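The values are calculated or read from the model by the stated rules, or taken from the named source; none is laboratory data. Fair warning: this is a prediction, and the values are worked out from it, not measured in the lab. Reconstructed Cβ throughout: ideal geometry from the backbone, glycine too, with neighbour counts over all protein chains shown. Note: areas computed on protein heavy atoms with side chains; ligands, DNA, RNA excluded. Shrake-Rupley method; radii C 1.70, N 1.55, O 1.52, S 1.80 Å.
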Amino acid sequence: MMLTRRALVAGGLAAPAILSLGSRARAATTTLKLSHQFPGGTIDEGDFRDRLSRKFAALLAERSKGAIEVQVYPGSSLMKTNAQFGAMRKGALDLSLYPSPYAGGEVAEMNIGLMPALVSSYEQAIAWKKAPVGRKITEILDSKGILLVSWVWQSGGVASRERPLYTPADAKGLKVRGGSREMDLMMKQAGAATLSIPSSESYAAMQTGACDAVITSSTSLISFRLEELSKALTSGRERSYWFMLEPLMMSKIAFERLPKDQQELVMAIGEELEPFGQAGAKADDTKVEEIFGKAGAKVQNLDEKTLGQWRDIARETAWKDFAGKSANCAELLKLAEQVS
């Protein structure tokens, strides 16, 4: 009986040691949470923004040899879309693939990421990163507690319930979702009423008639199935006044918790995935035309003259309003205009 008791005591003493070892092993893995608003899929199928997030998670786990695990929460399943930027600033969320103008309420300078007709091609958009305007954006976000891990740009188009929204004259009387304060200013000047909602709420708004036309990325037009409700599409494939910076962002608080080698890994993988993001965006500019055309919608591409008409309105409304907000905003706009 004494032997049994000794065995039990020994076992009891050993158990905490085993648990402690297990705890230390778990502590060696850092778990990061990545939230976004887009439909979930797999690493090989679905919305390219969700796929980019999953590829980032997989590469980081592989190259850190399991030291970092990234949990991806699609469809705003972890937290509401508009809350994600503020949560990253406070360290309550680690990462988000986030539309830059959604952050404009907290950091007004971020509305430069969806300034109507300021960017009109992917070549121009991609050049921002290494140009002075990109360095300025990085500097501003860093001061607000956010790091840009992967730069992603998307072209966008217009899905309309009834008549096409093509020229500025077409906007009169329509209820339009533009995607940013600046886009709304341009649309209002053209005669539209505007509503401010995340693209993830576009389907319901069109379905109920609260919205007549939605301007958003080609990928969102596809992922949120707007072809089911639309009779017309103005495509962003050839040229567009709607180009948005939609990067993978990271909380500076979360980033600085990582050792230097892991920080370098995060940034290296983020940059490595940028070509994947741009290829996905461009592929969807073509795919959206096919999907809407097959559903019976009238599909058009903007010509240079019509784009110029939109730019003239944007310059006098959105650009002027943005530049007047602060010295930073005025400088950003000036730097952006230098990138052609």
message: Given the whole protein assembly as supplied and a 1.4 Å probe, what does the accessible area of R315 come to in Å², nearest 10?
response: 100 Å²
message: Given a 10 angstrom Cα cut-off, can you work out which residue in L195, L34, L97 is the most mobile in a GNM of the chain?
response: L195
query: Only one of the listed values, (i) 54, 43, 38; (ii) 95, 44, 30; (iii) 63, 57, 35, was derived from the coordinates as Cα extents along the principal axes in Å; which label is it?
result: (ii)
statement: Over all pairs of different Cα atoms in the stretch 124-225, the reciprocal of the mean inverse distance gives a Kirkwood radius in Å of 15.2 Å
task: Would you mind pulling out the separation of the Cα centroids of the stretch 264-340 and the stretch 142-214, in Å?
output: 13 Å
field: Ranking by accessible area, most exposed first, for I112, I253 with a 1.4 Å probe
entry: I253, I112
Alpha-carbon Debye profile of the stretch 201-312, log10 I(q)/I(0) at 0.09 Å⁻¹: -0.36
field: Sulfur and carbon atoms: percent of accessible area, the stretch 164-215 [1.4 Å]
entry: 50 percent
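Give me the percent of accessible area attributable to carbon and sulfur for the stretch 230-272, probe 1.4 angstrom.
Working: 790 of 1700 Å².
C and S fraction of accessible area: 47 percent.
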- prompt: Excluding same-chain residues fewer than 8 positions from K55, which aspartates and glutamates have a Cα within less than 15 Å of its Cα?
  reply: D44, E45, D47, E69, E271, E272, E274
statement: Listed residues A57, A28, A295; largest mean-square fluctuation, Gaussian network over the chain with Cα springs below 10 Å, found at A28
- prompt: What is the spread of the Cα atoms of the stretch 36-129 along each of their three principal axes, largest first, in whole Å?
  reply: 42, 31, 24
message: If you count only protein heavy atoms with a 1.4 Å probe, what accessible area per residue comes out for the stretch 203-328, rounded to a whole Å²?
response: 42 Å²
field: Most to least accessible of R311, R237 (protein chains only, probe 1.4 Å)
entry: R237, R311
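How much net charge surrounds L185 when only the other residues with a Cβ under 15 Å from the Cβ of L185 are counted, with Lys and Arg +1 and Asp and Glu -1?
Numbers: positive: R177, R181, K188, R311, R315, K320, K325; negative: E182, D184, D312, E316, D321.
Net local charge, L185 excluded: +2.
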Dipole axis of the chain (+1 Lys, Arg; -1 Asp, Glu on Cβ), positive-most option in A103, S35, Y166: S35
- line: Treating only Lys and Arg (+1) and Asp and Glu (-1) as charged, each at its beta carbon, one finds that the chain has a dipole about its Cα centre, in Debye to the nearest 20, of 1000 debye
statement: In debye to the nearest 20, the charge dipole size for the stretch 202-283, taken about the Cα centre with +1 at each Lys and Arg Cβ and -1 at each Asp and Glu Cβ, equals 220 debye
- prompt: Anyone know which of G104, G179, G236 comes out most mobile in the 10 Å Cα GNM of the chain?
  reply: G104
query: How much accessible surface does V299 have with a 1.4 Å probe, in Å² rounded to 10?
result: 50 Å²
task: With all protein chains present, calculate the accessible area of T30 using a 1.4 Å probe and round the result to the nearest 10 Å².
output: 50 Å²
